[in-house]
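Engineer: I have a structure I would like to understand better, so I am pasting it below and will then ask my questions one at a time.
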Amino acid sequence: MRLMLLDGNSLANRAYYGIRPLTNAQGLFTHAIYGFLSIYQRLLSELKPDAVCVAFDLHAPTFRHEMYEGYKAQRKGMPEELAVQMPVLKEVLDALGVKRCELEGYEADDIIGTFSVKCAQSGCECVIVTGDRDSFQLITDSTHVYHVRTKGGRTETTDYSRERFVEEYGFEPPSIVDLKALMGDSSDNIPGVAGVGEKTAMDLIRRFGTLEKVYENIASPDIKDSVRKKLEAGRESAKMSYELALIDKAVPIDLQPEDCLLRGYDAGRLVDLFKTLGFNSLIDRWRLRELSVLTPEKTVEDVAAELLDSEEKARALLEKAAAAEYVSAVFSPELDAAAVCVNGKTAVALADTLPDYDGFLRGLCSAGIKKAAHGVKDILVSLAGRGIRAEGFDFDTEIAAYLLAANEGNYTLGKLAAAYCGEELPEEKLFTAPNAFSPLGGRDEAVRTIAKYAAEAYRLRGELAPRLESKGVKAVFEKIEMPLCPVLADMEEAGFLVDRSALREFGQQLSTGIDVLQGEIYALAGEKFNINSTKQLGEILFEKMGIPPVKKTKSGYSTDAAVLEKLAVRHPIADALLEYRRLTKLKSTYADALDRFIAPDGRIHTKFNMTATATGRLSSAEPNLQNIPIRSQLGGEIRKMFVAAPGMLLVDADYSQIELRILAHISGDEEMIKAFAAGEDIHRVTAAQVFGVAPEEVTPIQRSRAKAVNFGIVYGIGAFSLSKNIGVSVREAQDYIDGYLAHYSGVRRYMKEAVEKAKASGYAATVFGRRRDMPELTSSNRNMRAFGERVALNMPVQGTAADIMKLAMIRAAERIKAEKLRARIILQVHDELIAECPPEEEERVKKLLSEEMEGAVKLSVPLTAEAHSGLNWYDAK
């Protein structure tokens, strides 16, 4: 018998993020359910199991949370749009007759691990299906792991047998636990051994086999002194990490493998559920008398592609491309292959078959050839790395799809081809493998694949262009997003210089501070213990030291920050613990993390994402430079590490209260417009009105509270949240909000009309026409509707601010180029723009940035931007 064990939360999560959002007539999100069913049916076809069980996590603490308070602490909660689908998914599974298992205090991995043991004991074959790698430790001769990932709307699976695992990792499957004990796991916040990364951990486990053996041989000359010190310092953390990563295979569940046999399903109930969910096509496609496979999706037929293997063919193609209205271009990640579709016909150039391949790329990427491509900004960065300054990329299928559906968050070429052209593309890995274009690497298949991608990019351009116009976002696409691509590409290429020695010294200072605090905590506690263990800390504080507990949870004593802050007035150990946590987080999040991203040129080249936020704001990653605190001492210390290159300085220009100014413009509030036009301090003016005092009598605390109300209104803040933010009662906070809205009646009117307009139209929009669809407003879930109302209020404001900043960046970059300055823009964070320039250009660049930011758009209130300079980010700010 073959038992298929599914990790329900893992697969639902991948389905949720893998396909575009869907809703039924009642506003319930349904795409995670639909995607899960698609994955499930494909697995039934591929694996042909006799029995199936789906294991789910429950929203309750587990024994791992009791062991370590930080376990999974950094994870965001399940999105509400996914959470509302989980109960319905379980209903569908019940109607399918599929056994499901969940148990409070245990994770799905533990249930799956227990079942795998039962399978082995009863002689059954076990196949674990999951998107996580934690289950790799369960692989045996009779248990395989089908590792699932969704990409471009497709489901990809890799079958890990014991042999395949050993071949890939170089050690036996159970030792994956030992590996995690050393290197940690950021997704679950398992700490591991500080300073030991994946490479070092892999080497140790491959040589010694287990964590225990590593420590038995810690004095071995095969272990470097630097690594030995880290291992010795992190011994307790490694032991705890091992326990956190180890799957419990003795969960008290009564189900046996034979209880999970597939015995048919309730067809009538399924029909009712599918009708409610809006899955009418599944009722027709799914024969409800037997378990069957969904009709295979239509796939792209092979595209006839000409292989460019001579200069004559390459020249002829470039001539045709220059004469065409537009072409599409697709490149392999390493730029060793390029496919071009001209008038529906495709050609492929390979670096090892075209004599002057770089010359061909330069010709293709010239301004004279209008090109559609997918992910233009990243293509420009790659080409620049090859010494090619590309022009003529005037249509990005990724950005176009993003503007048409800003909520989706996933815009792979394969997914868009399926959504807009009804086609399914081959797996991208066929032309991204390092050896894809060598004679032994499947050249013919790779050529056909990249040709198909070029053909679909060509079709997509034809499908998306008219939609941009009909939806009213063509101007945003042409005037903002596409001109921004080369600006961001130049910024990524430039990067930001970091003083590595200062950063490491800062990290060492933090380590010293952490060591001192650790000693103080041990002294106050009267013994050594694992400070990061919630269970051990609770026992020390509330049992050994006898401190009265503040709060208890199902899993034991709470030692969270709120509890420690209350304890700080009673015992100095609480203060020490709070500071210890602050320093350890600071070291891991900034000092250690930033150091890893410094490139050989000494600069951090953060990657800007143009399609990550529904409001249009840019985000950055690898590393994220937008999460550095702005006003705290901590943020200041980190910003001092970002410096100007030798002989250069930094100019930092920052918008002043741009979102409030946009709110004044959009709402048409006369009082707010008058205050901004007169150059008054808007927070002082607001405080004077709310508190009924003269502006000169406003106290600092009154201004601070008025400021919180001002900015809170933009985000649709309620009295409860405001009360927490400024430390007053809910009633007081409501009085502040009421006083604010009584004075700024235009804002009150806007707040009402913005929600009504979004409900009527189904979307919210910026001043420039950027749109965000608002399915949340028609949701049957009250919390989801409330969320939608807040978004309807703040999206027009935030989105307009994002559009204005993007226009300012484009204008500033164009002017720097026109005036032939050596200055270059290197970073945009929130409402500030940073440039690097030689000292002789300092005043010109300050003036230039301020003027272009203030002149990006004309509103009913003035935009103001101030520019400062310095040798590091902190001083320039």
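The values are calculated or read from the model by the stated rules, or taken from the named source; none is laboratory data. Please read these numbers as outputs of a predicted model, since none were measured by experiment. Note that each Cβ is placed from the backbone with ideal geometry, even for glycine, and that neighbours are counted across all protein chains shown.
Engineer: Given 170, 113, 192, 123, which one is at positive phi and either touching a Phe, Trp or Tyr at 6+ places or on another chain (Cβ under 9 Å) or crowded, with 21+ Cβ neighbours inside 10 Å (or both)?
Structural biologist: Numbers: 170 fails: either touching a Phe, Trp or Tyr at 6+ places or on another chain (Cβ under 9 Å) or crowded, with 21+ Cβ neighbours inside 10 Å (or both); 113 fails: at positive phi; 123 fails: either touching a Phe, Trp or Tyr at 6+ places or on another chain (Cβ under 9 Å) or crowded, with 21+ Cβ neighbours inside 10 Å (or both).
Matching residue, one of 170, 113, 192, 123: 192.
Engineer: Looking at the structure I just gave you, is residue 395 touching a strand residue (DSSP E or B) at 6+ places or on another chain (Cβ under 9 Å), at pLDDT 85 or above and more than 22 Å from residue 18 (Cα to Cα)?
Structural biologist: Details: touching a strand residue (DSSP E or B) at 6+ places or on another chain (Cβ under 9 Å): yes; at pLDDT 85 or above: yes; more than 22 Å from residue 18 (Cα to Cα): yes.
Yes; evaluated as a whole, the condition is true for this residue.
Engineer: Is it the case, given these coordinates, that residue 479 is under 30 Å from residue 398 (Cβ atoms), of a type in the set (Lys, Arg) and in contact with a helix residue (DSSP H, G or I) (Cβ under 9 Å, 6 or more places away or on another chain)?
Structural biologist: Answer is yes for this residue.
Engineer: Just checking, how many residues over the stretch 665-678 are without any contact (Cβ under 8 Å) to a residue 40 or more places away in the chain and assigned to a loop (DSSP other than H, G, I, E, B)?
Structural biologist: Summing the residues that are without any contact (Cβ under 8 Å) to a residue 40 or more places away in the chain and assigned to a loop (DSSP other than H, G, I, E, B) in the stretch 665-678 gives 1.
Engineer: Take the conditions assigned to a helix (DSSP H, G or I), in contact (Cβ under 8 Å) with a residue 60 or more places away in the chain, farther than 30 Å from residue 827 by Cα and not small (Gly, Ala, Ser) and apply them to residue 517. Does it pass?
Structural biologist: Spelling it out, residue 517 is indeed assigned to a helix (DSSP H, G or I), in contact (Cβ under 8 Å) with a residue 60 or more places away in the chain, farther than 30 Å from residue 827 by Cα and not small (Gly, Ala, Ser).
Engineer: Any chance you could count how many residues in the stretch 95-109 are over 24 Å from residue 262 (Cβ atoms) and among the acidic types (Asp, Glu)?
Structural biologist: Going through the stretch 95-109 one residue at a time, the tally reaches 2.
Engineer: Kindly check whether there is at least one residue in the stretch 842-849 that is within 30 Å of residue 715 (Cβ to Cβ) and assigned to a helix (DSSP H, G or I).
Structural biologist: yes
Engineer: Of the numbered conditions (1) over 30 Å from residue 118 (Cβ atoms); (2) surrounded by fewer than 15 Cβ atoms within 10 Å (Cβ to Cβ), residue 149 fails exactly one; give the number of that condition.
Structural biologist: Evaluating residue 149 over (1) over 30 Å from residue 118 (Cβ atoms); (2) surrounded by fewer than 15 Cβ atoms within 10 Å (Cβ to Cβ) leaves (1) as the failure.
Rundown of residues vs (1) at pLDDT 90 or above; (2) in the same structural domain as residue 810 (by TED's automatic domain parsing); (3) aliphatic (A, V, I, L, M); (4) within 29 Å of the chain's Cα centre (by Cα), yes/no style:
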position	(1), (2), (3), (4)
300	no, no, yes, no
314	yes, no, yes, no
319	yes, no, no, no
324	yes, no, yes, no
330	yes, no, yes, yes
334	no, no, no, yes
359	yes, no, no, no
383	yes, no, yes, yes
390	yes, no, yes, yes
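Engineer: Scan 363, 368 and give me the residue that is out of contact with any Leu (no Cβ under 7 Å at 6 or more places or on another chain) and either in contact (Cβ under 8 Å) with a residue 24 or more places away in the chain or not assigned by TED's automatic domain parsing to the domain that holds residue 459 (or both).
Structural biologist: Being out of contact with any Leu (no Cβ under 7 Å at 6 or more places or on another chain) and either in contact (Cβ under 8 Å) with a residue 24 or more places away in the chain or not assigned by TED's automatic domain parsing to the domain that holds residue 459 (or both) holds for just one of 363, 368, which is 368.
Engineer: Then there's this: Within the stretch 805-815, identify whether any single residue is without any contact (Cβ under 8 Å) to a residue 40 or more places away in the chain and over 18 Å from residue 471 (Cβ atoms), and answer yes or no. It would help to see each step written out before you state the result.
Structural biologist: Going residue by residue through the stretch 805-815, those that are without any contact (Cβ under 8 Å) to a residue 40 or more places away in the chain are 814-815.
Retained after the next criterion (residues that are over 18 Å from residue 471 (Cβ atoms)): 814-815.
Yes, some residue in the stretch 805-815 is without any contact (Cβ under 8 Å) to a residue 40 or more places away in the chain and over 18 Å from residue 471 (Cβ atoms).
Engineer: Can you work out which of the residues in the stretch 529-551 that are touching a helix residue (DSSP H, G or I) at 6+ places or on another chain (Cβ under 9 Å) and of a type in the set (D, E, K, R) is surrounded by the most Cβ atoms within 10 Å (Cβ to Cβ)?
Structural biologist: If we take residues in the stretch 529-551 being touching a helix residue (DSSP H, G or I) at 6+ places or on another chain (Cβ under 9 Å) and of a type in the set (D, E, K, R), then 535 is surrounded by the most Cβ atoms within 10 Å (Cβ to Cβ).
Engineer: Contact list please: Cβ distance under 7 Å, first residue in the stretch 554-577 and more than 14 Å from residue 525 (Cβ to Cβ), second residue among the acidic types (Asp, Glu), pairs at least six apart or on different chains.
Structural biologist: Pairs found: 555/66; 556/66; 568/575.
Engineer: Could you list, in sequence order, the residues of the stretch 216-271 that are under 26 Å from residue 49 (Cβ atoms) and not in a loop (DSSP other than H, G, I, E, B)?
Structural biologist: 257, 258, 259, 260, 261, 267, 268, 269, 270, 271
Engineer: While we're here: Quick one: is residue 201 assigned to a helix (DSSP H, G or I), crowded, with 21+ Cβ neighbours inside 10 Å and in contact (Cβ under 8 Å) with a residue 60 or more places away in the chain?
Structural biologist: no
Engineer: With a cut-off of at least 3 residues that are farther than 30 Å from residue 476 by Cα, name the helices (runs of 4 or more DSSP H) lying wholly within the stretch 683-767.
Structural biologist: Here the list reads 700-714, 719-726, 730-743.
Engineer: Further question on the same structure: Just a yes or no: is a residue in the stretch 771-783 closer than 22 Å to residue 626 by Cα, assigned to a helix (DSSP H, G or I) and either outside the structural domain of residue 404 (by TED's automatic domain parsing) or under 23 Å from the mean Cα position of the chain (by Cα) (or both)?
Structural biologist: No; the residues of the stretch 771-783 include none that is closer than 22 Å to residue 626 by Cα, assigned to a helix (DSSP H, G or I) and either outside the structural domain of residue 404 (by TED's automatic domain parsing) or under 23 Å from the mean Cα position of the chain (by Cα) (or both).
Engineer: Here's a follow-up. Just to confirm my filter: which strands (runs of 3 or more DSSP E) fall fully inside the stretch 328-409 and include at least 3 residues that are crowded, with 18+ Cβ neighbours inside 10 Å and of a type in the set (Gly, Ala, Ser)?
Structural biologist: Correct list: 337-342.
Engineer: With the structure loaded, tell me whether residue 612 is closer than 30 Å to residue 398 by Cα, part of a loop (DSSP other than H, G, I, E, B) and not charged (D, E, K, R) or whether it fails that test.
Structural biologist: yes
Engineer: Let me ask another. Pick out the one residue from 852, 866 that is surrounded by fewer than 18 Cβ atoms within 10 Å (Cβ to Cβ), in contact (Cβ under 8 Å) with a residue 24 or more places away in the chain and either in a strand (DSSP E or B) or assigned by TED's automatic domain parsing to the domain that holds residue 812 (or both).
Structural biologist: Testing whether each residue is surrounded by fewer than 18 Cβ atoms within 10 Å (Cβ to Cβ), in contact (Cβ under 8 Å) with a residue 24 or more places away in the chain and either in a strand (DSSP E or B) or assigned by TED's automatic domain parsing to the domain that holds residue 812 (or both) leaves just 866.
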